Structure formats: structure tokens, C-alpha cells
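The values are calculated or read from the model by the stated rules, or taken from the named source; none is laboratory data. No experiment lies behind these values; they were computed from the predicted model shown. Positions of Cβ are generated from backbone atoms using ideal geometry, with glycine treated the same way; all protein chains shown enter the neighbour counts.
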Amino acid sequence: MAKMNMIQALNSALDIALEKDPNVVCFGEDAGYFGGVFRVTAKLQEKYGLDRVFDTPINEGAIAAMAIGMAAKGLRPVAEIQFADYIFPAFDQIISEMARIRYRSAGQFTQPIVMRSPWGGGIRGGQTHSMSPEAFFTHIPGIKVVIPSNPYDAKGLLLASIESDDPVIFFEPKRIYNGPFDGQADGALSSWANHPKGEVPEGHYTVPLGKAEVVREGEAVTVITYGTQVHVALAAAEKSGIDAEVIDLKTLTPYDIDTLAASVNKTGRCVIGQEAPRTSGFAAELSAQLQEDCFYALEAPIERVTGWDTPYPHAHEWAYFPGQQRFINALKKVTETA
């Protein structure tokens with residue numbers, strides 16, 4: 001075991017994958033010599049060479065297209081989109097080609113691709129470096145969507161994604177790459193994020209895709225979320241004194257409805273958190289499914305805690321960010337309903 005933050009854990013996963021399988025290649029804008037904007041691919045080119053870890057032009061559509069061709073010929077590409085906000089020039093390639101080739105070829109071709117990208121706000125990136133576009137991809141059959149919340153899961157989920165024969169959109173919460181900013185009370189996270197290094201095995205292991213985890217047990221209300229918001233929800237539960245059960249979704253598609261429904265059937269109340277704008281967000285999908293599966297157990301309407309339906313602001317970032325107080329308000333609202 002070693003102490004690692006999320007960047008170090010992701011770098012370790014890529015190092016292991018490159019060493020274990022000669023078909024794994026990593027590439028993206030500044031992902032080679034420079035090691036990526038956040039240094040997730042640092043020193044990998046030096047270790048594995050230009051043929052396996054390399055830079056690309058500033059062309060996200062070409063990055064995705066290159067990954068598609070490589071995967072169809074037997075490689076396992078791990079492509080980096082520098083920020084999640086920039087994934088849309090590659091959107092058509094991802095949804096029209098990458099997601100469908102296995103289906104369209106009746107299994108003759110697979111797409112063992114991981115599209116990595118720093119995701120979410122919390123670093124004062126403003127409206128072009130803070131987006132949470134996960135809901136777009138959860139709507140597309142044939143794609144898995146993964147968002148880790150801690151170093152241990154980040155490494156294990158990334159290795160599982162690289163070893164998957166289906167394409168994975170792997171969003172990395174940059175807010176907790178290295179821990180929180182100072183002096184932002186409502187943006188503060190749980191105790192883990194203030195000490196962002198966790199115990200991570202140095203060798204190979206995987207965390208199963210499609211399986212959620214109860215990270216805090218409770219009886220009064222179920223809180224479901226993912227990524228950065230796991231730590232906000234944990235902090236809100238601690239601060240409020242409400243006996244909340246907190247579930248880290250980890251994989252958004254396919255999501256673990258059995259774990260979610262078992263918890264909601266037990267508590268009878270539910271709060272769902274997401275950093276993305278409210279309208280048509282992934283929390284709406286979870287809310288609809290849980291209402292169908294748990295209707296007779298629910299003692300109050302399901303509450304959502306989300307970002308606002310605006311572009312992500314710079315100067316007023318913490319007014320947008322779904323912080324502790326908004327989670328506390330939601331917890332009180334659902335638990336005080338008779």
C-alpha cells in the first residue's frame with residue numbers, strides 16, 4: 001500500500017496498464033512529453049516511448065476517431081480530452097461510431113477505449129473549464145460512464161475500464177485531484193478531501209464497474225451522488241446530525257439500481273446530488289427509476305441538489321457549486337416531511 005492522491009493513483013493505473021499489456025496506448029493534447037495539464041500522464045512517455053504515449057493535435061474529433069480505428073485493429077487506446085468541456089467536437093464520433101461498432105458488426109469488432117477527461121468545477125476554471133456533461137453520455141447505449149470519488153477507486157476503476165471491451169467515458173473530478181481550496185466554507189468537503197491522499201495498493205487491482213458503494217450507513221434518508229459531491233454529501237450529513245446513508249454511485253451507466261433501491265426501501269426518503277445543471281441531469285433519471293421501484297416505500301418526494309441552469313460562473317463559483325448548505329437544506333426538507 002502507498003499514500004496517493006487521485007492524480008498519483010490514476011498515473012499508477014496507466015503505468016500498470018502500459019506495462020501489463022503492449023496493446024495499451026495513451027495519447028491526447030499535451031498528454032505525452034508534458035504529462036497532461038494535471039500531470040496524470042507524467043513520465044509515462046519517458047518510460048514507454050513515443051509510440052505508446054504521445055501528443056496529438058488540438059482536435060478532439062481526431063483524437064476520438066484515432067481511438068476508434070486503433071481499437072478496431074486490436075489496440076486498447078486510452079485517450080485524454082484535456083477538459084470535459086472540450087469533448088463535444090468528438091461527440092459525433094463517440095455516439096455514432098464508438099458506441100455502435102460492436103452492435104453494428106454483430107460482435108466482430110469491439111471498442112476497448114477509455115476516453116479520460118478532467119471533469120467538474122471547483123478550480124475557478126469558469127464556464128469553459130468546469131462543465132459536467134455526464135448526462136449526455138448516459139443516454140447513449142453502448143457506452144459506460146464512470147466517475148470516481150477517491151484515489152483507491154480512481155485506480156481500480158480506471159484499470160477495470162481499460163480492461164473492458166466496451167468504450168468507457170472516464171470523468172475525473174478535478175476538484176479533488178489534489179484537495180480543496182482554502183477559505184471557501186461552503187465549498188469545503190469532508191475530512192477525506194482535506195487529507196486527499198488515501199491508501200492505494202501499488203500493484204494491479206480492479207474495482208468492478210456497475211457497482212455502487214454505501215460509504216456511510218444510516219436509517220433516516222438515502223443520499224445518492226458521485227464524484228466530488230460524495231464528499232460534500234458526507235460533510236453535510238456530519239454537520240446536520242441527520243442519520244443519512246450516503247451512496248457513491250461510481251458507475252453511472254450501468255448504474256447499480258439494486259443497491260440504490262435497497263437503501264431507499266429501507267429509509268423511505270431520498271436526496272440525489274449532482275454538480276451539473278438541474279434540468280435533464282442524471283439525478284432526474286435516478287429519481288424517475290427510484291420512484292418506479294420504491295414508490296410504496298417513499299415517505300416524502302425525492303429531492304435533488306444540483307447546479308443551476310446557467311453556464312458555470314467564475315466570480316460566483318461557490319454560489320453555483322452545490323455545497324454543504326444546499327445538501328443540509330434538502331436533508332431537512334425530506335426528513336421533516338410527515
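Please go through the stretch 306-324 and pick out each residue that is closer than 14 Å to E275 by Cα and either in contact (Cβ under 8 Å) with a residue 40 or more places away in the chain or basic (K, R) (or both).
Those that are closer than 14 Å to E275 by Cα and either in contact (Cβ under 8 Å) with a residue 40 or more places away in the chain or basic (K, R) (or both): G307, P311, Y312, P313, E317, W318, Y320, F321, P322, G323, Q324.
In the stretch 211-222, how many residues are touching a Lys or Arg at 6+ places or on another chain (Cβ under 8 Å) and either assigned to a strand (DSSP E or B) or surrounded by 24 or more Cβ atoms within 10 Å (Cβ to Cβ) (or both)?
3
Which one of the conditions (1) outside any helix (DSSP H, G or I); (2) in contact with a strand residue (DSSP E or B) (Cβ under 7 Å, 6 or more places away or on another chain) does L50 fail to meet, given that it meets all the rest?
(2)
Looking at this structure, is L44 of a type in the set (A, V, I, L, M) and farther than 25 Å from A2 by Cβ?
Working: of a type in the set (A, V, I, L, M): yes; farther than 25 Å from A2 by Cβ: no.
No, not satisfied.
Does the stretch 55-82 hold any residues that are outside any strand (DSSP E or B), of a type in the set (V, I, T) and in contact with a strand residue (DSSP E or B) (Cβ under 7 Å, 6 or more places away or on another chain), and which are they?
Initial filter on the stretch 55-82 (outside any strand (DSSP E or B)): 56-75, 81-82.
In the following step, the residues that additionally are of a type in the set (V, I, T) were identified as 56, 58, 63, 68, 81.
Across the stretch 55-82, the qualifying residues are T56, I63, I81.
Tally up the residues in the stretch 67-111 that are more than 24 Å from F38 (Cα to Cα), touching a residue at least 60 places away in the same chain (Cβ under 8 Å) and basic (K, R), please.
Count: 1.
Run A2 past the list (1) within 18 Å of P173 (Cα to Cα); (2) more than 20 Å from the chain's Cα centre (by Cα); (3) hydrophobic (A, V, I, L, M, F, W, C) and report the number of the one that doesn't hold.
Evaluating A2 over (1) within 18 Å of P173 (Cα to Cα); (2) more than 20 Å from the chain's Cα centre (by Cα); (3) hydrophobic (A, V, I, L, M, F, W, C) leaves (1) as the failure.
Would you mind stating whether V37 is within 28 Å of I140 (Cβ to Cβ), surrounded by fewer than 20 Cβ atoms within 10 Å (Cβ to Cβ) and of a type in the set (A, V, I, L, M, F, W, C)?
Answer is yes for this residue.
Out of all the residues in the stretch 57-66, is one or more without any contact (Cβ under 8 Å) to a residue 12 or more places away in the chain, surrounded by fewer than 19 Cβ atoms within 10 Å (Cβ to Cβ) and out of contact with any helix residue (DSSP H, G or I) (no Cβ under 9 Å at 6 or more places or on another chain)?
No, the conditions are met nowhere in the stretch 57-66.
Can we say S96 is buried (at least 18 other Cβ atoms within 10 Å of the Cβ) and either outside any loop (DSSP other than H, G, I, E, B) or not assigned by TED's automatic domain parsing to the domain that holds C26 (or both)? Let's see the steps before the verdict.
On the way: buried (at least 18 other Cβ atoms within 10 Å of the Cβ): no; either outside any loop (DSSP other than H, G, I, E, B) or not assigned by TED's automatic domain parsing to the domain that holds C26 (or both): yes.
Here the answer is no, as S96 does not meet what is asked.
For the stretch 250-281, which residues satisfy the criterion of being in contact with a strand residue (DSSP E or B) (Cβ under 6 Å, 6 or more places away or on another chain), polar (S, T, N, Q) and under 18 Å from H139 (Cα atoms)?
T251, T253, Q274
Determine if the stretch 5-21 includes at least one residue that is over 30 Å from R124 (Cβ atoms), in a loop (DSSP other than H, G, I, E, B) and not aromatic (F, W, Y).
Yes, the stretch 5-21 contains a residue that is over 30 Å from R124 (Cβ atoms), in a loop (DSSP other than H, G, I, E, B) and not aromatic (F, W, Y).
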